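Peer 1: Below is a structure I'd like to ask you about.
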Amino acid sequence: MRSTRIAIGAALVGLSIAGWGTDVHAAEAGKGFYLLGSRAHMAGIMPGPGSYFANDFYFYDGGAGNTVDFPIGDLIIDGGLDATVAIDLMTGLHVLPTQFLGGSVAIGLTVPVGWQEISARGKIQDGGAGLSTSDDDFEFGDPVLVAALGWHHGNMHWQLGGLLNVPIGSYSENDLVNLGFNRWAFDLTGSATYLDMATGIEMSGALGFTFNGENLDTGYQSGTELHAEFAASKLFANGM
């Protein structure tokens, strides 16, 4: 059915923790491996057996004030920053014809490539005068291995997915711009979708955890991240 869709959605980060009720560790450089909003509409639906290719483009332009306080290399960012990011995510996915535990199995690979520009104001660690710096670069990021298991019954669809970040992308300890994370990371996310083609109502939700390894150069240990997303949409028949 060809259709027009009106949709609303939300993506939230709840916590970044290194143990329940213990020391809190933010995600290094203020960014997490899991891309919020990537499990929104139709999040629980597994396609039929076959091979698929997706190309997602993300653009971000924004900044943060002087409430920011985190290290990047030898610089402590405490005077704010501005960032422009354009990233293309190329994903190949293959859904196997066989089933496991009553569900469909999919495996895949995502390769990120993009351009970033960051301007920051801060100070040198362990003292030093305030300074401003900027950096920009076009880079390849860390490839991500994808695996998922999906089920469906009537209008309900469920999926359990895993993502493994492989730290071989562009990274330098003292650069402001790094598309790679330089750490192993694993994300486990459960998602569900209710889709009624008769009424055109679709509602999806996803909840997951990202488990971060230690940065291989800096020794920084990012906390475990909790993320939640929700989306709702209304499908209209072609011509409405």
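The values are calculated or read from the model by the stated rules, or taken from the named source; none is laboratory data. Since the model is a prediction, treat every value here as computed from it, not as a measurement. We place every Cβ from the backbone using ideal geometry, glycine too, and count neighbours over all the protein chains shown. In case anyone asks, the SASA skips ligands and DNA or RNA and just uses the protein heavy atoms, side chains included. Shrake-Rupley method; radii C 1.70, N 1.55, O 1.52, S 1.80 Å.
Peer 1: In Å and whole numbers, how far do the C-alpha atoms of region 158-206 stretch along each principal axis, longest first?
Peer 2: Taking the Cα atoms of region 158-206, the three principal extents are 54, 19, 12 Å.
Peer 1: Leaving ligands and nucleic acids out of the surface, order 222, 51 by accessible area at 1.4 Å, largest first.
Peer 2: 51, 222
Peer 1: Something else now. For residue 214 and residue 201 in one chain, what is 0.36 nm times their gap in residues minus the Cα-Cα distance, to one decimal in nm?
Peer 2: Between residue 214 and residue 201, full extension yields an extra 0.4 nm.
Peer 1: Can you list, bin by bin at 5 Å, the percent of alpha carbon pairs in region 143-228, starting at 0?
Peer 2: Spelled out per bin, shortest first, that is 3, 13, 18, 18, 14, 11, 8, 7, 5, 3, 1, 0.
Peer 1: Please list 85, 177 in order of solvent-accessible area, largest first, computed with a 1.4 Å probe with all protein chains present.
Peer 2: 85, 177
Peer 1: So if each residue of separation counts as 0.36 nm, and I subtract the Cα-Cα distance between residue 188 and residue 155, what length gain in nm does that give?
Peer 2: Once the chain is fully extended between residue 188 and residue 155, it gains 9.5 nm.
Peer 1: Now for a different question. Please give, to one decimal in nm, the separation of the simple spin-label points placed at residue 36 and residue 88, each 7 Å out from Cα toward the Cβ.
Peer 2: Here the answer is 2.7 nm between the modelled labels.
Peer 1: Note down the Stokes-Einstein diffusion coefficient of region 197-240 in µm²/s, whole number, using a Kirkwood radius over alpha carbon pairs, 10 °C, and 1.306 mPa s.
Peer 2: The Stokes-Einstein estimate is 113 µm²/s.
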